[in-house]
Amino acid sequence: MAKIIDGKSLATRIKAEIKAEIERDKLNVGLAVVIVGNDRASEIYVKYKKDDCAECGIQSFEYALPEYVCLEDLLELIEELNDDENINGILVQQPLPRHIDAVTVNETISPFKDVDAFRADSLGKIALGDYDFSPCTPAGIMEMLHNENISVSGKECVVIGRSAIVGKPMALMLLHEDATVTICHSKTRDLGEAARRADVLVAAAGCPGLVGADMVKEGAVVIDVGMNRDESGKLCGDVKFAEVSGKASYITPVPGGVGPMTRAMLMKNALMAKRLQL
Ligand code: GUN
């Protein structure tokens, strides 16, 4: 049976360390959280992020804009937040309504306040291996691996998903730690064949139950980034947890795995933003 990597308790520990550091150095850290429209899932994620801020002693400032807001008004708000000394980090919850160009929004956020590391230059710095802001989900996954003393050096790591937020930066961060990395996606000819080669398999496709035991090598480490809803509305990952945990050596659950770690890394980035601005 696989060991379950408890992301929730590790995140709680990291947040306590962040809180202690903020108190020790008497810092005022402020994070702006911008949400557009009424997407129920986004509303829940934003509430969690505000709760995390409170837990860390970070002040959160929520800006809820209506679904029909125009791009210019949203950019104007971001410019104001860029100039506001009380705001150290800016997060615009995604997805955005279809009439809003997310790339333009991300590029308007100050590079010193880009706590999601969504800007093109933030991703470029990650590619070069010299960066201030870590992309939150891949950083949270690396923390979980380090905490379990799992080294990826020389290992076969397979990332399913090529998003700019998770798949691409994940592959780069594994590469920086000397893994042999394969990125798979919807056009990959034989996903099962690639996945079965993985010593470390990261499933970030957004497809409920995509990864079954037949796609996993005996003893592999399986990281589930999926945040999906099944037919009954229950939260589920990309991995069939019950059958894969019988074959893997380590596995992350959904919920309670990658999600809380992603948010803990956001808190870390908010503190990093404050230090960059001192
Ligand atoms: N939507 C889903 N995940 C994220 C995230 O990490 N940051 C933002 N801004 N939006 C998201």
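The values are calculated or read from the model by the stated rules, or taken from the named source; none is laboratory data. Keep in mind that this is a model prediction, so the values were computed, not measured. Counting neighbours? That spans all protein chains shown, and the Cβs are built from the backbone with ideal geometry, glycine included. When the accessible area is computed, the model is the full protein with side chains, heavy atoms only, and any ligands, DNA or RNA have been set aside. Shrake-Rupley method; radii C 1.70, N 1.55, O 1.52, S 1.80 Å.
Please specify each residue of the stretch 185-208 satisfying the condition of being under 22 Å from Gly140 (Cβ atoms) and open to solvent by 10 Å² or more (accessible area, probe 1.4 Å).
His185, Asp199, Ala204, Ala205, Gly206, Cys207, Pro208
Take the conditions assigned to a strand (DSSP E or B), more than 26 Å from Val115 (Cα to Cα) and either touching a Pro at 6+ places or on another chain (Cβ under 8 Å) or away from the ligand (no atom under 16 Å from the Cβ) (or both) and apply them to Thr182. Does it pass?
Criteria met by Thr182.
Answer with yes or no whether Asn269 is within 16 Å of the ligand (Cβ to nearest atom) and more than 22 Å from Ala2 (Cβ to Cβ).
In short, yes.
Would you confirm whether any residue within the stretch 209-222 is open to solvent by 40 Å² or more (accessible area, probe 1.4 Å), within 16 Å of the ligand (Cβ to nearest atom) and more than 18 Å from Asp52 (Cβ to Cβ)?
Looking through the stretch 209-222, none of the residues is open to solvent by 40 Å² or more (accessible area, probe 1.4 Å), within 16 Å of the ligand (Cβ to nearest atom) and more than 18 Å from Asp52 (Cβ to Cβ).
Run down Arg229, Arg263 and say which single residue is surrounded by fewer than 19 Cβ atoms within 10 Å (Cβ to Cβ), within 16 Å of the ligand (Cβ to nearest atom) and farther than 17 Å from Arg162 by Cα.
Only one candidate qualifies: Arg229.
Taking the stretch 1-51 as the region of interest, how many residues are in a loop (DSSP other than H, G, I, E, B) and either charged (D, E, K, R) or within 16 Å of the ligand (Cβ to nearest atom) (or both)?
The initial filter retains those residues of the stretch 1-51 that are in a loop (DSSP other than H, G, I, E, B), namely 1-2, 5-6, 25-29, 37-39.
After this cut, where a residue has to be either charged (D, E, K, R) or within 16 Å of the ligand (Cβ to nearest atom) (or both) as well, the list is 6, 25-26, 37-39.
Selection size over the stretch 1-51: 6.
Picking from Asp130, Asp116, which residue would you name as being acidic (Asp, Glu) and more than 15 Å from the ligand (Cβ to nearest atom)?
From the options Asp130, Asp116, the qualifying one is Asp130.
Tell me the residue from Val258, Val225, Val239, Val211 that is touching a helix residue (DSSP H, G or I) at 6+ places or on another chain (Cβ under 8 Å), over 25 Å from Glu17 (Cα atoms) and of a type in the set (A, V, I, L, M), please.
Just a single option satisfies the conditions, and that option is Val211.
Collect the residues in the stretch 52-68 that are open to solvent by less than 70 Å² (accessible area, probe 1.4 Å) and either among the aromatic types (Phe, Trp, Tyr) or without any contact (Cβ under 8 Å) to a residue 24 or more places away in the chain (or both), keeping them in residue-number order. First the steps, then the outcome.
Going through the stretch 52-68, the residues open to solvent by less than 70 Å² (accessible area, probe 1.4 Å) turn out to be 52-53, 56-58, 60-61, 63, 65-66.
Passing the criteria: Phe61, Tyr63.
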